[in-house]
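The block underneath contains the structure these notes are about, expressed in structure tokens.
The values are calculated or read from the model by the stated rules, or taken from the named source; none is laboratory data. Only a predicted model underlies this, so the values are computations on that prediction, with no experimental measurement involved. Note: ideal-geometry Cβ built from the backbone for every residue, glycine included; neighbour counts use all protein chains shown. Note: areas computed on protein heavy atoms with side chains; ligands, DNA, RNA excluded. Shrake-Rupley method; radii C 1.70, N 1.55, O 1.52, S 1.80 Å.
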Amino acid sequence: MAAGPYSEKVMDHFMNPRNVGEIESADGVGEVGNPACGDMMRLYLKIDEGMVVDAKFRTFGCGAAIASSSMLTEMIKGKTVDEARAITNQHVADALDGLPAVKIHCSVMAEQAVKSALDDYAKKHAG
Amino acid sequence: MTKAFFDHISTTPLDPRVFEAMRPYFFDRYGNPSSHIHDQGQAAVRAVDQARAEVAALIGAKAGEIVFTSGATESNNLAVLGAAEGAGAGKRRVVVSDVEHFSVMNALIPLRNAGYEVTVLPVDRNGVVDPDAVRKALRADTALLSVMHANSEIGTIEPVGQIGQIAKEAGVTFHVDATASAGHIPVDVREIPADLVTLSAHNFYGPKGAGALYLREGTKVAPRTFGGFQEMGYRAGTENVPAVVGMGAAAILAGREMGAWAEHLSRLGKTLWDGLAAIPMLHYTGHPSERLPGHVSFWVEHVEGESLLLFLNMKGVMAASGSACSSNLRGHDEEDLVASPVLRAIGVPSDICTGSITFSLGKGNTADEVRLALDALPGIVDRLRAMSPTYLDYQKRQVKGG
Ligand code: FES
């Protein structure tokens, strides 16, 4: 099927997003908004012994934002906290076989969401 | 799969009768109107003259008042820049409405750079320009007033007759961008006191690459292109003869059939409008009655516009978000992705400005196609809301408040 402006991968993650939802009593919750377009992403993490064991998201946003959120949750699951923190928007965009130039900022939201969720986790588990 | 095209505001399909009128000018009659010493050139001259009369007739103008261009963007550029320059020294102000097309708004950039003062008129929440605000904005040093006839994004029809009267009394050149309205509702320069009117062929079942600027006799406009003396000196360059012929043919059809089209569109549009009311937290945009026939625009709380349109497209339903230009995915960077300036102008909160949806129906649409859209929408809205953090918060608030 023709994917329009997006890659097949983006459309797959947009049409069938993985890990949509909420984690009750999550260890870290991150929320970021994109002031340029008003889109918003919330990420829930379950972390066990320094490992991201589960990730769920809710996103209000464009096709690229939803696909980036979905891809991100797949990428961080099973990673250590440090590995997850090292993920950049470029990694997410690459994993999606690229995004249109005008939509790169949508993957930035995904990167910021992990950082924000991990910061929240660090705060909760400080000391 | 049934496919339904509801994006006629971006472009309309060429009417086959228009294509038949154009066909000979691709093959047998390929002359250049400027080279009219021989039969081929003569045939081209006659064709362009005839098209000029046909386009003029659509808006109640004289043939000599029509200048052919490549489309609405060029017409708007010529109107704004040409009239500003043509107004002469001492007139260094331009007044425009807040909901003009990019080809008017961005033409103001070089004017500002050249030291012109630009006044932008606000619109009310239905997108309507207040004639009183126009009266207050016009001064002796105003070179040009530009207010569109109908807005492509929210469908609102502006009171250009009344506004034109004010401009006339103030002695200010008045430009009306009738791209979205011409061929769909009457545009008559004997009733609208406009000095300049922009027309676009592909918006009323004519070919792309053809437009016109109406110049009321005596209006001073400086050219923007320089070369030969085509188009009475206003627009140098060899005429796109087949497209010009097509624009003439489309103008004839529109003049004859517009009433029937409007009736059909209004009926289908009403079905769509009424059917949408079943979706909770859906807000219509634009004026409820003073709007283009078959134009239905809205936004849905907790649902982002592009995502909705992508899902609709999967179901064979093609609609648009914002204007075709502001939602351009092929832009170069983030700067190109702007929240709709029109929605901002009518006071829609900025966080949902990317969420506006426009259904613009065409004469070929059917009741079944409208049904297809109405059947598809609720499920898509539910699906996207289920994914939205803002909707989750809303639901939690409801429960708490409940
Ligand atoms: S357009 Fe806002 S995140 Fe994509």
Accessible surface of chain B, 1.4 Å probe, proportion on carbon and sulfur as whole %: 53
Sparse-neighbourhood loop sites, GluC sites (Glu not before Pro) in segment B:120-229 - DSSP loop, at most 15 other Cβ within 10 angstrom: B:GLU191, B:GLU217
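If you take every DSSP beta bridge fully contained in the protein assembly as shown, what fraction is antiparallel? Give it as a percent rounded to 5.
65
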A:VAL81, B:VAL399, A:VAL20, A:VAL52, reordered so the largest accessible area comes first (probe 1.4 Å): B:VAL399, A:VAL20, A:VAL81, A:VAL52
20 °C / 1.002 mPa s Stokes-Einstein diffusion coefficient of segment B:41-120, Kirkwood radius on C-alpha pairs, µm²/s: 148
Solvent accessible area, Å² - B:HIS38, 1.4 Å probe, full protein context: 80
Within chain A, longest stretch clear of exposed GluC sites (Glu not before Pro) (DSSP loop, no more than 15 other Cβ within 10 Å): A:50-127
Electrostatic dipole magnitude of the protein assembly as shown [Cβ: Lys, Arg +1; Asp, Glu -1; Cα centre; debye, to 20]: 640
Among B:SER266, B:SER152, B:SER388, residue whose mean-square fluctuation peaks in a GNM of chain B (springs only between Cα atoms under 10 Å): B:SER388
Difference of contour (0.36 nm per residue) and Cα-Cα distance, B:ARG256 to B:HIS36: 76.0 nm
Under 11 Å, Cβ to Cβ, from B:ALA345 - net charge with Lys/Arg +1 and Asp/Glu -1: -2
Chain A, Rg to Rh (Cα coordinates; Rh as Kirkwood inverse mean 1/r): 0.97
Cα Rg over Rh - segment B:31-187, Kirkwood: 1.03
Relative contact order (%) - criterion: Cα under 8 Å, at least six apart; region: segment A:8-121: 33
Percent of alpha-carbon pairs separated by more than 16 Å within segment B:1-92: 73
Largest to smallest principal axis extent of the C-alpha atoms in segment B:235-288, angstrom: 54, 26, 17
Interface residues in segment A:27-70 - accessible area drops by 40 Å² or more relative to the isolated chain, probe 1.4 Å: A:ALA36, A:CYS37, A:ARG42, A:ARG58, A:PHE60
Electrostatic dipole magnitude of chain A [Cβ: Lys, Arg +1; Asp, Glu -1; Cα centre; debye, to 20]: 180
Beta bridge orientation in segment B:129-261: antiparallel %, DSSP, nearest 5: 45
Karplus-derived 3J(HN,Hα), 6.51/-1.76/1.60, for each residue of segment B:86-99, Hz, glycine and proline x: x, 5, x, 4, x, 9, 10, 10, 10, 10, 9, 7, 6, 10
Scaled radius of gyration (Cα, divided by 2.2 N^0.38 Å) that the protein assembly as shown gives: 1.10
DSSP-defined antiparallel bridges as percent of all bridges, chain B, nearest 5: 50
Intensity falloff of segment A:1-62 expressed as log10 I(q)/I(0), Debye formula with alpha-carbon point scatterers, at q = 0.22 Å⁻¹: -0.95
For chain B, size of Cβ-based charge dipole, Lys and Arg +1, Asp and Glu -1, in debye: 160
Distance from segment B:134-153 to segment B:256-273 (C-alpha centre basis), Å: 30
Among B:LYS220, B:LYS363, B:LYS136, residue whose mean-square fluctuation peaks in a GNM of chain B (springs only between Cα atoms under 10 Å): B:LYS136
Around A:ILE47: net Lys/Arg minus Asp/Glu count, Cβ-Cβ under 10 Å: -2
Spin-label proximity, A:HIS125 to segment A:53-97 - amide N less than 13 Å from point 7 Å beyond Cα toward beta carbon: A:53-54, A:78-85
Accessible area per residue in Å² at 1.4 Å probe, computed on chain B: 42
Size of chain B as Cα extents on the principal axes (Å, biggest first): 80, 50, 39
Per residue solvent-accessible surface (Å²) - segment A:30-127, probe of 1.4 Å: 37
Local electrostatic count, B:GLU117, Cβ distance below 9 Å [Lys/Arg +1, Asp/Glu -1]: +2
Between helix B:305-314 and chain B: long-axis angle, C-alpha atoms, 0 to 90°, nearest 10: 90
Buried accessible area, chains B and A (both chains, 1.4 Å probe, Å² to nearest 100): 2600
Heavy-atom accessible area ranking, 1.4 Å probe, most first, across B:VAL303, B:VAL128: B:VAL128, B:VAL303
